[in-house]
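Below is one structure; the comments refer to it alone.
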Amino acid sequence: MTNASADPAALGELMHAAFRGLRKRWMQQLAPYGLTPHQFRALSAVARKAPGGNGPGDHAGEHGGDPAAATGTGSEPGLRLKELAERLRIAPRSATEVVDQLEGKGLVERRAHPTDRRAALLVLTGAGERLWKTVLADRKREADEFFSVLEPGDRAELARLLGQLAGNGHKPRS
């Protein structure tokens, strides 16, 4: 392999290989819970909208760095389907399919909006909240194990670099 520090294509390949490994572990971790990564992301978005929804692993970075998006700013106790689609950056039709799957598993429910009769709000069921918290704790353990091959300073540097690549502090070239 060429020197990755001098070859952006090689860096991209290394990043892609690391991501594939992490994603494979994530899918394997979710399988016993009967969830896909898309379903868990949706479950998390609904959970974070709930009052007190800032649970473990609630990272503002998952919402484009907007803390308000992570905690929910509306007064209604739930998340509209349109908001879910926006947060997940997917089409509303795809969000509907994911919500239908989660509802079928008894993890979320649709409730009438208190002021808009045409709208429904998505909220976690008790089972959904328990599962979300369990998976978050499991995910933290899994991530700790995955990144344990790096020294703490290297993890901090990786976080800084990935944040820069993701646009958090990215400075355009002159």
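The values are calculated or read from the model by the stated rules, or taken from the named source; none is laboratory data. As the structure is a computational prediction, the values presented were derived from the model and not from experiment. For neighbour counting, all protein chains shown are included, and Cβ atoms are generated from backbone atoms with ideal geometry for every residue, glycine included. Note: accessible area is taken over every heavy atom of the protein model, side chains too, but ligands, DNA and RNA are not part of it. Shrake-Rupley method; radii C 1.70, N 1.55, O 1.52, S 1.80 Å.
Mind checking which residues of the stretch 85-100 are over 16 Å from residue 128 (Cα atoms) and hydrophobic (A, V, I, L, M, F, W, C)? If the condition is that a residue be over 16 Å from residue 128 (Cα atoms) and hydrophobic (A, V, I, L, M, F, W, C), then 85, 88, 90, 91, 95 are the ones that fit. When the stretch 10-45 is filtered for residues that are over 11 Å from the mean Cα position of the chain (by Cα), of a type in the set (A, V, I, L, M) and assigned to a helix (DSSP H, G or I), the ones remaining, listed by number, are 10, 11, 14, 15, 17, 18, 22, 27, 30, 31. Applying a threshold of 9 Å to beta carbon distances and a minimum spacing of six or more residues, or different chains, the list of pairs starting in the stretch 96-107 at a residue that is over 9 Å from residue 42 (Cβ atoms) and open to solvent by 30 Å² or more (accessible area, probe 1.4 Å) and ending at one that is at pLDDT 95 or above and among the acidic types (Asp, Glu) reads 103/109. Among the residues in the stretch 52-67, are any within 21 Å of residue 167 (Cα to Cα), within 15 Å of the chain's Cα centre (by Cα) and modelled with pLDDT of 80 or more? Looking for residues that are within 21 Å of residue 167 (Cα to Cα), within 15 Å of the chain's Cα centre (by Cα) and modelled with pLDDT of 80 or more, one finds none in the stretch 52-67, hence no.
In the stretch 116-174, the qualifying residues are those that are within 15 Å of residue 40 (Cα to Cα), at pLDDT 95 or above and not hydrophobic (A, V, I, L, M, F, W, C), and the one that is least open to solvent (accessible area, probe 1.4 Å) is 128.
Considering only residues in the stretch 77-89 that are surrounded by 17 or more Cβ atoms within 10 Å (Cβ to Cβ) and part of a loop (DSSP other than H, G, I, E, B), the one that is modelled with the lowest pLDDT turns out to be 78. Might you check whether a residue that is exposed (fewer than 12 other Cβ atoms within 10 Å of the Cβ) and of a type outside the set (Gly, Ala, Ser) occurs anywhere in the stretch 30-41? Yes, there is a match, as at least one residue in the stretch 30-41 is exposed (fewer than 12 other Cβ atoms within 10 Å of the Cβ) and of a type outside the set (Gly, Ala, Ser). Screening residue 113 against (1) modelled with pLDDT of 95 or more; (2) surrounded by fewer than 17 Cβ atoms within 10 Å (Cβ to Cβ); (3) touching an Asp or Glu at 6+ places or on another chain (Cβ under 7 Å) leaves a single unmet condition, (1). What pairs come up if the first residue lies in the stretch 149-165 and is under 16 Å from residue 19 (Cβ atoms), the second is among the aliphatic types (A, V, I, L, M) and assigned to a helix (DSSP H, G or I), and their beta carbons are under 7 Å apart, counting only those six or more places apart or on different chains? Listed by first residue and then by second, the contacts come to 150/158.
Within the stretch 21-32, no residue that is within 20 Å of residue 133 (Cβ to Cβ) sits with its Cβ atom under 6 Å from a residue that is of a type in the set (S, T, N, Q) at 6+ positions apart or across chains.
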